[in-house]
1. Go through (1) surrounded by 13 or more Cβ atoms within 10 Å (Cβ to Cβ); (2) touching a residue at least 12 places away in the same chain (Cβ under 8 Å) and name the single condition A:A70 misses.
2. Would you please list the contacts, defined by Cβ atoms under 7 Å and residues six or more apart or on different chains, that run from a residue in region A:208-231 that is assigned by TED's automatic domain parsing to the domain that holds A:R13 to a residue that is part of a loop (DSSP other than H, G, I, E, B) and not small (G, A, S)?
3. Show me the strands (runs of 3 or more DSSP E) found entirely inside region A:174-257 where at least 3 residues are open to solvent by less than 30 Å² (accessible area, probe 1.4 Å).
4. So in region B:189-213, with the set limited to residues that are surrounded by fewer than 24 Cβ atoms within 10 Å (Cβ to Cβ) and of a type in the set (A, V, I, L, M), which one is nearest to the other protein chains (Cβ to nearest Cβ)?
5. If a residue has to be within 14 Å of chain B (Cβ to nearest Cβ) and either hydrophobic (A, V, I, L, M, F, W, C) or within 16 Å of ligand 2 (Cβ to nearest atom) (or both) to count, how many in region A:414-445 make the cut?
6. Out of (1) small (G, A, S); (2) closer than 30 Å to A:I37 by Cβ; (3) away from ligand 1 (no atom under 16 Å from the Cβ), the odd one out for A:G340 is which?
7. Being within 14 Å of another protein chain (Cβ to nearest Cβ) and either in contact (Cβ under 8 Å) with a residue 24 or more places away in the chain or surrounded by 15 or more Cβ atoms within 10 Å (Cβ to Cβ) (or both) is true for just one of B:A75, B:A60. Which residue is that?
8. Could you tell me whether any residue of region B:237-254 is within 14 Å of another protein chain (Cβ to nearest Cβ) and of a type in the set (S, T, N, Q)?
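The values are calculated or read from the model by the stated rules, or taken from the named source; none is laboratory data. Remember, it's a predicted structure, so these values are computed and weren't measured experimentally. Ideal geometry is used to build each Cβ from the backbone, glycine not excepted, and the neighbour counts take in all protein chains shown. Only protein heavy atoms, including side chains, enter the accessible area calculation; ligands, DNA and RNA are left aside. Shrake-Rupley method; radii C 1.70, N 1.55, O 1.52, S 1.80 Å.
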Amino acid sequence: MSEPVLALDGVSRSFGPIEVLHGVSLALRPGRVHALIGENGAGKSTAMKILAGYQPPTSGTVRLDGAPTAFASIGEAEARGISMIHQEFNLAEQLTVEQNIFLGRELKRGLLLDKPAMRARTRELLDLLDCHVATDRKVSGLSNSDKQMTEIAKALLRETRVLIMDEPTAVLTSAETAVLMRQVRALRERGAAILFTSHKLDEVKGIADDLTIMRDGAVVWSGDASEKDEHAMASAMVGREMRDLYPAKGPAPGEVVLEVSGLNVPGHAEDISFTLRRGEILGVAGLIGSGRTETFEGLCGLRAATGEVRVKGRPVTIRHPWEALDLGLCYLTEDRKTRGLLLRKGMRENLTLQALDRFTHGLIDTTAEEAALDKAVREFDIRGSRAVRVGNLSGGNQQKLLFAKTMLSEPEIVVIDEPTRGVDIGTKQQMYGFIRGLATEGRAIVVISSEMQEVIGLADRVLVMRRGRVAGELAGAAASEDAIVRLAMGVLPAEETVA
Amino acid sequence: MKSPKIQMSVVGPVLALVVLLVLGASLNPSFLAWDNVTNVLARSAFIGIIAVGMTFVITAGGLDLSVGSMAAFIAGLMILVMNSALPSLGVGIPIVLLGMAVALAAGLVAGCLNGILISRLGIEAFIVTLGSMGIYRSLVTWLADGGTLSLDFGLRTFYQPVYYGGLFGVSWPIIVFALVVIVGEIAMRSTAFGRHCAAIGSNDQVAKYSSVKVARVRLTTYVVLGLLVGVATILYVPRLGSASPATGLLWELEAIAAVIIGGTMLRGGFGRVWGTVIGVLILSLIGNILNLTDLVSPYLNGAIQGAIIVLAVILQRDTRQGQ
Ligand SMILES: Nc1ncnc2c1ncn2[C@@H]1O[C@H](COP(=O)(O)OP(=O)(O)OP(=O)(O)O)[C@@H](O)[C@H]1O
Ligand SMILES: [Mg+2]
């Protein structure tokens, strides 16, 4: 086998008194795709950041072409052909796509910027990625997947020998993921070493040559990817036998608690009508950009919307999120970083922010807050030190905290947008069980998800949206992957209608 | 919080205050005398009371540049109303109460105006308060016709104890300042309002998605600040008994500086009232020490204060990067 280009050799890393990586070794070889998998907080992102020179190891060695190396800066690592795409976006929101891609390495003609050349090169890179966003759009206005493609284009621009990608597909649709995987294969052909992580094990199975599995900051298995199937990967990650990812469906739902008819969210959704029953999980599927998020934000008073809404039979007008909450209706955002959590604050302040009145009798009862945090940490298995700011928790643990925060206000009707983005498979199982448990308790739940399997596995009924309208509704066995895709893409089910 | 490492942003301001106290005491023996101490505290009270309100505004991600001219305008208004009510009410407690009510009402309205423009119409706080700063300053100049508005002499003598009098040898401004600080500290630390201010200042989107009444909380911070400006003015007017276009000049900058020196983040998201108190004391002690000793010219007061503000921000930045 070829010599490794970049490797970790017995690397440990501590934050303050807490050691999060314990003697990790990992080798990236040219022309191979290496997948790093593990539970939330296992230390994948930390290991990647050390490889890419973003953080130094506390002990152990980073080897580049066999020689011990300490990158003085990210710039130095980049200059030696190492690029990293982060789990959370690392783009300058106020700059355009092309300004971001060329940030720090602008093309010049004399003293002035060579804009036409940069624009042309940007277009070329984006076309390679099947991304049709205008190169002069501001990044702040882009969809998550376009942002991700911009990140990837930025990495492709550099002459990369080693490309490190931290959960690049978490925000991509399956079609976009396929495009990305094609680029990854092309890079592999050209002899680049690629390291990536994902909680979608089918992707890992599909592309990885080498595989490393981490648990609690240590490598538990490393070897050829062909030796493990998806089930074996999941079990090794979680440390127990994994079966039955989705809970059994519940009993027949109760009375209607939410009736929406003719909901309009200007610019995003039109004439949305549906009902929701007590004890029911309604899945909402559709392509990214089909207006799912906006519809439910409109419903919950987070953006302007018109239409008829009845909660438990009573007509209501919801203009503000707190009015929705007073009616027992709550929306859990898909965007934990900019809308879900206060990244500079601790776990306690974040947990109780939405339900603060429950902890306030004139003054805030911090003891009760701490008790609630204890309970949430136990119930949702949130891992990570309590002393750190929430921004330093691993991505999946942030998601669990966000979930716990919303549930603390005990809404009767909950809209959960992308509940398991960036969550490991063991925790997914727990969260699915929890969502089903909420339904069984008599709550009504809407789950918006881009993961087809999740919608099918979890929901009792599926609403499919397309271009801001309800394209159809599928219940029980009719909610197959095929049927959902057809509705979402607007393709008629030809054979079935004939038969 | 439990980390054993000493946090410079916590210790820094306290340390600076202690150094100033030691320096002052060693340079001039009368520095620690009761008279000088109460004098410094009473003079700090106006800025201090305003700075406590400013702490909430800044914590919630806002800013108010208008407080100095607002104070001048309220002082002018108060004097005019009291003077014109004199013939009917005569010198006595009712007329003083009337003046106080006018000051509080004017503060409330002024704070509301700033707050509504900022929180409901979404105009940048800097712009709104820069505008109102100019408006109030010009209004007081107009009311005073370019000169000075003076409280009727008899009335002034009657009203004076509100500044000079007090309880157990502690003057009213100090007592009121202490009360405002205690209430402010509790509100910031352990009420939903304080928590919401910090949340909004950290990320107003997150606050919105967490069902926090963002616009209302923002508005409240400006209203509270306006009211506190009214309170400060009530205590200030009896000191000189007059208002002029120069009244309250640069108070806004001193208040903002005190807040920042105290460790509240200028970009919002974190604030502490006790820090602001230390900030106010540091600023006024510098002036006091320069006046009591002749090592450095008192004209350099502003330069030293400026250097301390920059230093405070540098210290805060270092600790944040270290975390
Ligand atoms: N700057 C930091 N300060 C303190 N603790 C940190 C910091 N960065 C990471 N950690 C901790 O290190 C551990 C590993 O985090 P890491 O982000 O590497 O996990 P991960 O495997 O990438 O998880 P996920 O799948 O959720 O993204 C976590 O417990 C996290 O809280
Ligand atoms: Mg990670």
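1. (1)
2. Close Cβ pairs (under 7 Å, with a partner that is part of a loop (DSSP other than H, G, I, E, B) and not small (G, A, S)) amount to A:D209/A:R32; A:D210/A:R32; A:L211/A:K228; A:R215/A:E39; A:A225/A:D209; A:H231/A:M242.
3. Working: elements: A:193-197, A:210-215, A:218-224.
The strands (runs of 3 or more DSSP E) meeting that bar are A:193-197, A:210-215.
4. B:A192
5. Going through region A:414-445 one residue at a time, the tally reaches 3.
6. (3)
7. On the way: B:A75 fails: within 14 Å of another protein chain (Cβ to nearest Cβ).
Going through B:A75, B:A60 in turn, just one is within 14 Å of another protein chain (Cβ to nearest Cβ) and either in contact (Cβ under 8 Å) with a residue 24 or more places away in the chain or surrounded by 15 or more Cβ atoms within 10 Å (Cβ to Cβ) (or both): B:A60.
8. no
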